[in-house]
Structures are given as C-alpha cells and as structure tokens.
Amino acid sequence: FEQVRALYRRDAAFRAIFDTALAAATDGTRDPAAAAAAWVVSGEDRFAKAAATALLAQTISQSRDGQYSNVWAFALAWDWLYRRPELDGGIREKAAARIAERLETELAWLDGGYMATWHGRNQAANGAMVAALALGDLPGQQRNLARAAAHYGDALRALDFSEGWPEGPSYW
C-alpha cells in the first residue's frame, strides 16, 4: 500500500484522477471496495472505517438475469482491511460469513446453465474468483476456491475459443 500512497503523493496525474474518487468516497454511498481503495491510496482511517461499516451494512447483491453480484467489492475490501482494527470485535468474521454465503449462491448459479458467456457468466465467474481468493485460506473455503477457479478457467477458455466476440469471430 505504501507504493500506491507514494504514487499519490508524487504523481500529479494520478493524484488529480484519484482526488475525484476520494471526493466520491466521502459521501458514504460508495461500495466497500471504493472506500477501502480510498484508504489504500490516502491512508486516512475514516475511509477504512467507512469500508468496515459498509461490509456489514450494505447488501451483497446476487447475480440474476442481467444483473451481476457485487460480491467482489466486499471481498476486496475485506481482504485489504483484514489486519485493520476497524474489523476487530467480530466484524472480520461476520463480513467473511456474509461474503462466503454470497459466494455459495454465486457458485450455485454458475453451476447451473443459466448464463451464457456473454450474458453474465464471465462477469459472475470473475466476481466469484475474487471472493474465493479473498476467503481461500479460511477453513472450509478450499472447495469454493477450487469451484471458482474451475468456473473462471471455463470463462477464459470460452473467451479464447470465441476470440473475444459474443458470437465468435463472425459476429460483425
């Protein structure tokens, strides 16, 4: 994190871009990853506190037809703040349980044939992979990590096979 903070201090272009993100993160309506990223860049405890609060207060959405889960945002914030005192007092464990519960529903959705590659499967696999990586060292999460990796690998193979186009190389 110190390298990112040093970049923010010395690089005017990065600072100008991220100042906009920091201003948006102060309104309290951002997802936990946005607040956690603001803490990573600025080092300001108020952003870590906002992210920790969001981990328990905000809803972790579920993938459905045309909608994709934001589980990745909770997983990133949880991971980035893992050793922070803002997660003490049971918050770390409660947040992990919430993320794990949503990861289970995301993996169940991916296990089914509900989403095509271009109708959310790739995005859902990415989100599940981020969540599984964040929780992968916790007891009982190794199976979910393996399941998420399999779906992520399938999504990458599908993208490779189709050459990155929804209907293959002849799409246009």
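The values are calculated or read from the model by the stated rules, or taken from the named source; none is laboratory data. Predicted model only: the values in this text are computed from it and were never measured. Because the Cβ atoms are built from the backbone with ideal geometry, glycine has one as well, and the counts that use them run over all protein chains shown. These accessible areas exclude ligands, DNA and RNA; they are computed on the full protein's heavy atoms, side chains included. Shrake-Rupley method; radii C 1.70, N 1.55, O 1.52, S 1.80 Å.
The table that follows gives values for the structure above.
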read-out: Mean ellipticity per residue at 222 nm, deg cm²/dmol - from DSSP H runs of n ≥ 4 across the chain, formula -39500 (n - 2.57); value: -21000 deg cm²/dmol
read-out: J(HN,Hα) series, segment 89-105, from Karplus relation 6.51 cos²θ - 1.76 cosθ + 1.60, nearest Hz, glycine and proline x; value: x, x, 5, 4, 6, 5, 5, 4, 5, 5, 5, 4, 4, 5, 4, 4, 5
read-out: Sites Thr20 and Ala97, calculated FRET efficiency, Cβ-Cβ separation with R0 30 Å, nearest 0.05; value: 0.35
read-out: Area accessible to solvent at Thr59, 1.4 Å probe radius, in Å²; value: 110 Å²
read-out: Segment 1-98 - percent of accessible surface contributed by carbon and sulfur, probe 1.4 Å; value: 53 percent
read-out: Hull shadow area, averaged, segment 72-129 [alpha-carbon convex hull, nm²]; value: 3.9 nm²
read-out: Accessible heavy-atom area order of Phe1, Phe74, Phe18, highest first, probe of 1.4 Å; value: Phe1, Phe18, Phe74
read-out: Sequence-separation-based contact order of the chain, relative, with Cα cut under 8 Å and 6+ spacing, percent; value: 17 percent
read-out: Radius of gyration and Dmax over the Cα atoms of segment 1-130, both given in Å; value: 15.9, 49
read-out: Approximate shape of segment 4-61 as ellipsoid semi-axes (Cα gyration tensor, √5λ), whole Å, largest first; value: 22, 11, 8
read-out: Residues of the chain: accessible area per residue with a 1.4 Å probe, Å²; value: 56 Å²
